[in-house]
Amino acid sequence: MTGTHDRLRAELTSHAAAWRTQRTTDLFANDATRQLKFTREAAGLVFDYSKNRLDEATLKILLELAEAHGLRQRLTAMFAGEPINRTEQRAVLHIALRARRDHSLTLGGENISLQVEAVKARMRQIVEAVQEGSWLGFDGQRITNVVNLGIGGSHLGPLLACTALREDHQGQVNLHFVSNVDGGDIAQHLAHLVPAQTLFIIASKSFTTPETMLNARTAEQWLRKACPSASLAPHFIAITARPERATAFGVAADQVLPMWDWVGGRFSLWSAIGLPIALAVGMTHFEHLLAGAEEMDHHFHTAEWADNLPVLLAMIGIWNTNFLGAESFAVVPYEERLQHLPAYLQQLEMESNGKRVTLNNEAVASHTAPILWGGLGTNVQHAFFQLLHQGTRLVPVDFILPLHNPHSPPGHHDMLVANCLAQAEALMTGRTATSLEGQAFEDDDIDLPLHRASPGNQPSNLLLFDRLTPHTLGALLALYEHKTFVQGVVWEINSFDQWGVELGKELAQTLLDEIAAGEVGDHHDGSTRAALARYLARR
């Protein structure tokens with residue numbers, strides 16, 4: 001299919017040359033039905049991509065490119081449990097975590113659907129015990145605070161969901177999240193907690209993650225100081241693929257929940273890693289979260305490419321990155337509860353697709369994952385939107401907006417919606433210096449029309465939904481998961497490993513050994529040696 005790839009890419013390159021000067025506003029002016037043609041709906045989400053610099057012909061070639069890279073075959077292989085994570089020889093089955101109960105999937109001769117349901121049942125028992133007050137600490141007090149100790153996907157996913165669903169929280173249990181190895185992170189939480197009323201969740205697939213295990217040992221020491229003799233078992237739950245390491249740490253065997261090799265960390269909030277979510281909102285709402293993701297899974301698996309939200313979102317991203325030259329894109333949710341979404345998506349997309357070698361062990365032929373950044377609207381309108389409107393770079397934006405918020409005081413949501421739609425419109429239309437000539441400004445000493453002009457023609461997507469619910473959140477996160485997968489297929493990379501993080505971990509361990517010994521190794525560069533020597537002198 002290499003010849004087909006080359007032909008399609010050549011066609012897209014030719015299209016891109018024309019689209020660099022084509023005004024999107026002209027497309028709307030010339031076609032009153034453009035918004036209808038470039039809007040699709042699925043799983044409670046409305047995806048309006050009409051403000052992108054493309055037309056139906058461009059989109060047709062993009063979808064042909066996805067097909068030429070074997071997207072249908074790769075998608076089918078993933079849903080069938082084939083080991084598409086080739087560098088680690090693993091299946092990729094986070095979709096199995098949210099599949100319907102009547103769906104059966106066998107992997108390696110085992111019905112993993114039964115395993116998933118068994119873990120959900122155990123999660124329900126834990127949630128009920130904690131929320132009802134029958135889970136007691138070392139001196140018989142009920143648990144009132146739960147601290148999640150994790151990092152990466154074991155932290156970002158639960159943190160995002162618990163914050164996004166804060167209006168659905170149930171019971172009297174407070175959730176806390178600690179990830180950073182900086183001692184200030186855990187110290188600020190422990191300072192306000194009561195040991196006898198605190199339960200820790202240690203979330204580590206390997207149960208050797210340095211940051212998580214150091215925080216776990218700190219938590220153990222904190223508890224032991226308050227309770228020198230009694231068992232600390234009621235205060236720890238572990239979620240790991242290495243249960244023997246958890247029990248060696250001191251976690252009771254029946255309080256160790258499994259992870260599986262076929263679930264990557266950044267795709268794991270649907271598993272027992274989501275226990276903090278279930279503890280916050282209850283298992284019924286947690287299952288609604290899974291149901292929203294499952295509905296998007298079904299849509300992704302069955303919809304034609306031209307109607308398929310993940311495929312469209314992915315291929316428009318390919319167009320903007322590989323053909324129009326965008327090096328980054330921004331995600332801007334106009335919903336306070338989605339404040340952690342940009343950070344969550346940074347890990348999902350950049351750890352998955354920040355690769356430079358193809359599955360055939362060749363250098364990639366084009367740029368892969370663009371830099372993802374973002375923040376909350378309207379806050380960021382007073383921060384980095386200046387660059388979007390008048391900077392020199394092409395920066396596509398994903399605007400995310402709920403149409404209704406029953407918890408918002410009168411007037412607030414109207415202003416929020418107006419700002420979101422206005423920013424998307426302003427980024428597209430811009431305004432010329434000529435249109436500003438003759439207007440009165442406070443300072444006439446400089447040529448203000450030029451300073452106030454904006455070029456516009458910045459592409460954006462608009463994702464709308466009725467209101468933020470567990471179901472909606474599940475669908476939204478699954479949409480971006482599948483977008484990431486599609487782009488990995490087109491770039492011919494493995495989206496499900498992360499070997500690039502290993503070198504830093506290895507060097508950090510070497511430096512820790514030298515710190516413990518109080519010596520500076522001569523194998524480091526001069527800058528590292530000098531900084532380490534300063535630290536040892538100050539330590």
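With the whole protein complex present, GLU502 retains an accessible surface near 70 Å², based on a 1.4 Å probe.
Pairwise alpha-carbon distances in the range 298-429 exceed 26 Å for 32% of all pairs. Structural descriptor for the chain: relative contact order 19 percent, calculated from alpha carbon pairs under 8 angstrom and at least 6 residues apart. Once the Cα atoms are used to define both axes, helix 112-132 deviates from the longest principal axis of the chain by about 70 degrees.
What is the pair-distance distribution P(r) of the range 413-539, computed from all Cα-Cα distances in 10 Å bins starting at 0, with each bin given as a whole percent? Bins of 10 Å from zero give 9, 17, 16, 14, 22, 19, 3, 0 percent of pairs.
Subtracting the Cα-Cα distance from 0.36 nm times the residue separation, let me have the gained length for HIS5 to VAL357 in nm, one decimal.
Working: separation 352, 0.36 × 352 = 126.72 nm, distance 1.75 nm.
Contour length minus the Cα-Cα distance gives 125.0 nm.
Taking only the Cα atoms of the range 386-488, the radius of gyration and Dmax are 18.3, 55 Å. Estimated from helical segments only, the mean residue ellipticity of the chain at 222 nm is -14000 deg cm²/dmol, where each DSSP H run of four or more residues counts as -39500 (n - 2.57). Dividing the radius of gyration of the alpha carbons in the range 1-139 by their Kirkwood radius gives 1.18 for Rg/Rh.
Cα centroids of the range 270-316 and the range 414-432: how far apart, whole angstrom? First find each Cα centre; the distance between them is then 29 Å.
Each part gets one Cα centre, and for the range 167-193 versus the range 350-375 those centres are 34 Å apart.
Volume per residue, Å³, of the convex hull around the alpha-carbon atoms of the range 308-371? Walk me through the numbers before you get to the answer.
Details: hull volume 6.5 nm³, N = 64.
Enclosed volume per residue, from the Cα hull, is 101 Å³.
Please find the FRET efficiency linking ALA303 to GLU56, where r is the Cβ-Cβ separation and R0 is fixed at 25 Å, and quote it to the nearest 0.05.
Numbers: r = 18 Å, r/R0 = 0.70.
Calculated value: 0.90.
Overall, the accessible surface of the chain at a probe of 1.4 angstrom is composed of carbon and sulfur to the extent of 51 percent.
Expressed as a fraction of 2.2 N^0.38 Å, the C-alpha radius of gyration for the range 186-297 is 1.15. Sequentially through the range 384-397, phi angles give Karplus couplings (6.51, -1.76, 1.60; θ = phi - 60°) of 8, 5, 4, 5, 5, 7, 10, x, 9, 9, 7, 10, x, 10 Hz, Gly and Pro residues having no value and appearing as x.
Per-residue packing, averaged as other Cβ atoms within 10 Å, sorts the ranges 90-96, 482-488 into the order 482-488, 90-96, beginning with the highest.
Sort the range 341-400 into rounded, prolate or oblate with this rule: let a ≥ b ≥ c be the square roots of the eigenvalues of the Cα gyration tensor; rounded if a/c is under 1.5, and if a/c is not under 1.5, prolate when a/b is larger than b/c, oblate otherwise. Don't jump to the answer; show the numbers that get you there.
Values: a/c = 4.26, a/b = 1.96, b/c = 2.18.
It is oblate, given that a/c is not under 1.5 and a/b is not larger than b/c.
The angle separating the long axis of helix 526-538 from the principal Cα axis of greatest extent in the chain is about 40 degrees. Working note: Karplus 6.51/-1.76/1.60 with θ = phi - 60° gives the range 176-189 the couplings 10, 10, 10, 10, 6, 6, 4, x, x, 5, 6, 4, 5, 7 Hz, where Gly and Pro are set to x.
Between LEU107 and ILE112, the built amide H atoms are under 5 Å apart, and every one of these is 5 or more places off in sequence or on another chain.
What angle, in degrees between 0 and 90 and rounded to the nearest 10, separates the Cα long axis of helix 210-226 from the longest principal axis of the Cα atoms of the chain? Helix 210-226 sits roughly 40 degrees off the main axis of the chain.
Keeping every protein chain present and rolling a 1.4 Å probe, give me the accessible area per residue for the range 58-122 in Å².
Values: 2980 Å² over 65 residues.
Per-residue accessible area for the range 58-122 comes out at 46 Å².
Approximating the spin labels as points 7 Å out from Cα along Cα→Cβ, the ALA537-to-ALA516 distance works out to 2.6 nm. Here the extension length gained between THR429 and ALA187 equals 82.2 nm, from 0.36 nm per residue of separation less the Cα-Cα distance. In square angstrom, what is the accessible area per residue of the range 218-292 with a 1.4 angstrom probe? For the range 218-292, the solvent-accessible area averages 33 Å² per residue. The mean sequence distance of close C-alpha pairs (under 8 Å, at least 6 residues apart), as a share of the length of the range 169-322, puts its relative contact order at 20 percent. Rounded to the nearest 0.05, the FRET efficiency derived from the C-beta distance between ASN419 and GLU128 at R0 = 30 Å is 0.10.
What relative contact order, as a whole-number percentage, does the range 25-115 give when Cα pairs under 8 Å and 6 or more residues apart are counted? Numbers along the way, then the final one.
Working: 63 pairs, mean separation 10.6, N = 91.
Rounded, it is 12 percent for the range 25-115.
Once the 1.4 Å probe is applied to the protein heavy atoms, the range 386-532 comes out at 50 Å² accessible per residue. Full extension of the chain between ASP466 and THR284 gives 63.5 nm of extra length, using 0.36 nm per residue less the Cα-Cα distance. Sorting the Cα pairs of the range 466-539 by distance into bins of 5 Å, from 0 upward, gives 3, 13, 14, 12, 8, 7, 7, 9, 12, 10, 4, 1, 0 percent per bin.
Dividing the convex hull volume of the alpha carbon atoms of the range 1-72 by its residue count gives 87 Å³ per residue.
For the chain, the tally of Lys pairs with Cα-Cα distances below 20 Å comes to 9, considering only residues 8 or more apart or on different chains.
The values are calculated or read from the model by the stated rules, or taken from the named source; none is laboratory data. Because the structure is predicted, anything quoted here is derived from the model rather than measured. Ideal geometry is used to build each Cβ from the backbone, glycine not excepted, and the neighbour counts take in all protein chains shown. Heads up: the accessible areas ignore ligands, DNA and RNA and are worked out on the full protein's heavy atoms, side chains in. Shrake-Rupley method; radii C 1.70, N 1.55, O 1.52, S 1.80 Å.
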